[in-house]
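Undergrad: The structure follows.
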Amino acid sequence: MTPEQHDPAEPWSRVVTLAAGLAHEIKNPLSTISLNLQLLLEDWQDAESPRERRTLKRLQTLERETSRLTRLLEDFLRYARTQHVELADCDLNRVIREVLDFVAPEATRQGIDVRAALAPDLPTIEADPERIKQAVLNLVVNARDAMPDGGELLVATRRDGNWVQVDVTDTGIGVPDHQLSKIFRVYFSTKAGGSGLGLPATRRILELHGGTIDVESEVHKGTHFTVRLPVERQEEPA
């Protein structure tokens, strides 16, 4: 790159790299704090006097907030890792099966019927399997969280010309129109305690593969995400 040229993504990449390094440094002592809080909770779980019960309650609050911070850091580190991809042959159907096998136990406990309709003739694509798995997992977990009282989750694949398409559909609470345009913004979340990094990371991963993501939603009826990935690798967009 000549002095006259300028990559607009470079400053952002540097900021993310620095922030990820800081997050790693914070995560280690935070893990130590969390472990010691859990040990203290075990010591105080038989609290009897009013003072002991107050101490137990404060320890529980600290442990809960420490766990929340740990989840936020992990979400950010996953987001930071979406700046680059390592391409290889990727069996999209296999990736989806692995994701559904992972989320199925918790989904079943929530009363969610998880179904897959995977095209048997889906071609292998050139992609980063781990990043694609992260993107699909974000969408599936998002759908699961949108159905706290149960429902149906359908993940389907098909080929559409030079593209492969993944549809993730849920029968959950849906997203209001005034929020729908914001769901891919960093740190915007419709979930209490959500980091607001899952869907932005998903979109970034798909963009790095030359793909797209669209969403349709209706309150109290559900949400439908459509992911499209090129069969043949395309140039990364500027």
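Undergrad: Being β-branched (Val, Ile, Thr) and either touching a Pro at 6+ places or on another chain (Cβ under 6 Å) or loosely packed, with under 12 Cβ neighbours inside 10 Å (or both): is that true of Thr108 here?
TA: Working: β-branched (Val, Ile, Thr): yes; either touching a Pro at 6+ places or on another chain (Cβ under 6 Å) or loosely packed, with under 12 Cβ neighbours inside 10 Å (or both): no.
In short, no.
Undergrad: For segment 27-73, give me each residue that is in contact (Cβ under 8 Å) with a residue 24 or more places away in the chain and of a type in the set (Asp, Glu).
TA: Within segment 27-73, just Glu63 meets the criteria.
Yes or no, residue by residue, for (1) in contact (Cβ under 8 Å) with a residue 12 or more places away in the chain; (2) assigned to a helix (DSSP H, G or I):
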| site | (1), (2) |
| --- | --- |
| Val85 | yes, no |
| Ala104 | no, yes |
| Ala119 | yes, no |
| Leu122 | yes, no |
| Gln134 | yes, yes |
| Asn138 | yes, yes |
| Val141 | yes, yes |
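Undergrad: Answer with yes or no whether Asp128 is farther than 22 Å from Gly222 by Cβ, among the charged types (D, E, K, R) and surrounded by 15 or more Cβ atoms within 10 Å (Cβ to Cβ). Spell out the reasoning first.
TA: On the way: farther than 22 Å from Gly222 by Cβ: yes; among the charged types (D, E, K, R): yes; surrounded by 15 or more Cβ atoms within 10 Å (Cβ to Cβ): yes.
Here the answer is yes, as Asp128 does meet what is asked.
Undergrad: Assigned to a loop (DSSP other than H, G, I, E, B) and closer than 26 Å to Val175 by Cβ: does that describe Asp149? First the steps, then the outcome.
TA: Numbers: assigned to a loop (DSSP other than H, G, I, E, B): yes; closer than 26 Å to Val175 by Cβ: yes.
Yes: the conditions hold for Asp149.
Read-outs: derived from the displayed coordinates by stated rules, not from any lab. For clarity, every value in this text was computed on a predicted model and none was experimentally measured. Virtual Cβ from ideal backbone geometry, glycine too; neighbours counted across all protein chains shown.
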